[in-house]
1. Give me the Kirkwood hydrodynamic radius of region 318-387, using the inverse of the mean 1/r over all pairs of distinct Cα atoms, in Å to one decimal.
2. Calculate the FRET efficiency for residue 314 and residue 35 from the Cβ-Cβ distance with a Förster distance of 45 Å, rounded to the nearest 0.05.
3. For region 362-376, list residues with backbone N below 17 Å from a point placed 7 Å from the Cα of residue 123 toward its Cβ?
4. For the residue pair residue 54 and residue 327, what label-to-label distance in nm results when each label sits 7 Å from Cα along the Cα-to-beta-carbon direction?
5. Please build a GNM for the chain, connecting alpha carbons under 10 Å apart, and tell me which residue among 378, 370, 316 fluctuates the most.
6. If you stretched the chain out fully between residue 386 and residue 294, how much longer would it get, using 0.36 nm times the residue separation minus the C-alpha to C-alpha distance?
7. At 222 nm, what value in deg cm²/dmol follows for the chain if DSSP H runs of at least 4 each add -39500 (n - 2.57) and the sum is divided by all its residues, to the nearest 500?
8. How far is the Cα center of region 228-259 from the Cα center of region 144-200, in Å?
Ligand code: MG
């Protein structure tokens, strides 16, 4: 596949509008260039070695971590997003290393217990600037990781940080400065950031179908009302009439991912050929994202999402779990915020430092950082240690 017939390809097989080391806006703290790898490879490597990355293994997507070993966690989700995103990047001659770095970092700021945890923490933080997992991912790589002697955070390149920040309110954008200025100026992020965002959607829609079926919260009969699923399911059944149901589902999920990736690559390729951005700056200045699905696939995706929302995310068994999770987060926040001496020493020192700097806003932020960093099981344990008189502290 050659998305820019006739256009010059740069060394490394990159299209002229791909992000590159030489065109990077650099790091917040100046560093010598890496010896044997690219700048974006270095970002990717730093992310993999981060504590927040390891903790993704024990954080929920939809199901609580201890519900079963076969369900996706944030870690397996992030790896799947990286795989899908890299395939798309390679097909479009975009920067795979940057794509992978953004994909692996995109969920670092997630609280325990998935979206239920984030909503609960956001409610707790309503008077103190709110909580949003996407902003928290950036905070993790910019501030919270403590890996290097010379700077806080991971000191990633502008392009990786920009890719992590998928959305941002104008108020927050004004606070964050350069990395968020595109939200104030109406500009686009790199193509690598645009495609990773959609690879995330492809990954979770498809694996939530898989996990939903495995958990038996939804079944194939219900799913047949979703055209995207129905089409693939019928094709597989017709072609392999004797195949065991479990393998039918795996085959369907594989095809679901594949057909979305192909649609995305072909649609984006056509747009890039038509618009022919000369470089990354032209990509940024474009009035709308150049990476996207065809209109038909966008509709198909929307139908699938609507189905999952109605039948899986709002299933009473999922809701019981999320209601419990929200209670754990709320009660942890209340306890720590009202009495920071309940925090372990290190977290308490941070809370005191932030309180000294920003008053109660700072104290609340430090508590939110501490809670957001917890894994599902750590949050449950910590809740027990605070509220259950029978449990050891
Ligand atoms: Mg994600």
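Any read-out appearing in this document is the output of simple, stated calculations on the displayed coordinates, not a laboratory observation. Treat the numbers as computed from the prediction; the structure is a model and nothing was measured. Quick reminder, even Gly has a Cβ in these numbers, built from the backbone with ideal geometry, and neighbours come from all protein chains shown.
1. Over region 318-387, the inverse of the mean reciprocal pair distance is 12.3 Å.
2. 0.30
3. Within reach of a label on residue 123: 368, 372.
4. Distance between label points: 3.3 nm.
5. Top of the fluctuation ranking is 316.
6. Stretched fully, the residue 386-residue 294 segment lengthens by 28.0 nm.
7. On the way: 18 runs with 235 residues, N = 393.
That comes out to -19000 deg cm²/dmol.
8. 38
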